[in-house]
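Below is one structure; the comments refer to it alone.
The values are calculated or read from the model by the stated rules, or taken from the named source; none is laboratory data. In this text the structure is predicted, and so the values were computed from the model without any measurement. Glycine also receives a Cβ, built like all others from the backbone with ideal geometry; neighbour counts cover every protein chain displayed.
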Amino acid sequence: MSELLDGITWFRGSSLRIRRMGLEIHVDPIHVTDNSKADFVLLTHPHYDNFSENDIERVRTSETIIIAPASMKHQLADADHFMRPGDMLQIEGFDVLAVPAHNVDKKFHTPEHGWLGYVFTIGDTTYYHAGDTDFLPAMFGIRCDVAFLPCGGHYTMGVEDAARAGEACGASTIVPIHWGDAHEDKQDVERLKDLFSGDVVILDRAGDARSS
């Protein structure tokens, strides 16, 4: 597996943990399977398969910084920072940019909600977690090394648009997420390896990985 993905665990859906350079970052913690103590929790939106208050409390400590979309204030009033697309935060050496995440021709995730993806850097590696989204022109303005992209094709973009998104944001590596529950199986997601010019690393749940 690429060393860019050392310390990465995919739990399910959009839920990821990154342990790198002494930091632990969780995006949409849900179904976290082992002990974790998060330095940062990034929340993309409040759907039941992305937002779990119980899992947030499991990984949260008195020092954990929680970042969420501004539209989630009524769900999680005690978050530390609320962001809108285009906002940037610089906290204790951790820089995070909020980017739009929404559907184009579906009504599951609308632009009006202001839900988010995130671009953040740990050490010398920049990660892009797209959240639940279709392919968006805004992705051409993102630059990253690793892109965590949804590939389910029903609530989010599918495999073809995930390949387009990876090219648009300049990623060297795509990690497909948000697949395998009811939409797209591993065989479908494997097609990314033929569609994307860089590396594709397909993670099994709980962190096992097979790379192209």
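Among the residues of the range 71-83, those identified as surrounded by fewer than 17 Cβ atoms within 10 Å (Cβ to Cβ) and either modelled with pLDDT of 95 or more or among the charged types (D, E, K, R) (or both) are Lys73, Asp78, Asp80, His81. Among the residues of the range 46-57, the ones that are modelled with pLDDT under 90 and closer than 23 Å to Leu23 by Cβ come to 2 in all. Under the condition of being in contact with an Asp or Glu (Cβ under 8 Å, 6 or more places away or on another chain) and closer than 16 Å to Glu57 by Cβ, the residues counted in the range 20-35 number 5. Can you find, within the range 145-199, the residue that is surrounded by the fewest Cβ atoms within 10 Å (Cβ to Cβ) among those that are in contact (Cβ under 8 Å) with a residue 60 or more places away in the chain and among the charged types (D, E, K, R)? The extreme case among them is Asp181.
Here His113 clears all of (1) more than 24 Å from Ser36 (Cα to Cα); (2) under 16 Å from the mean Cα position of the chain (by Cα); (3) touching a residue at least 40 places away in the same chain (Cβ under 8 Å) except the condition numbered (2).
Consider the range 1-29 and keep the residues that are modelled with pLDDT of 90 or more and among the basic types (Lys, Arg). The one that is nearest to Ile202 (Cα to Cα) is Arg17.
Somewhere in the range 87-103, is a residue part of a strand (DSSP E or B), in contact with a Leu (Cβ under 9 Å, 6 or more places away or on another chain), surrounded by fewer than 19 Cβ atoms within 10 Å (Cβ to Cβ) and aromatic (Phe, Trp, Tyr)? Yes, the range 87-103 has at least one match. Among residues of the range 1-47 being part of a strand (DSSP E or B), without any contact (Cβ under 8 Å) to a residue 60 or more places away in the chain and charged (D, E, K, R), the one that is surrounded by the most Cβ atoms within 10 Å (Cβ to Cβ) is Arg17. The selection criterion, being part of a loop (DSSP other than H, G, I, E, B) and either modelled with pLDDT of 95 or more or crowded, with 22+ Cβ neighbours inside 10 Å (or both), holds for Glu63. Quick check, is Asp78 of a type in the set (D, E, K, R) and in a helix (DSSP H, G or I)? So Asp78 does not fit the description; no.
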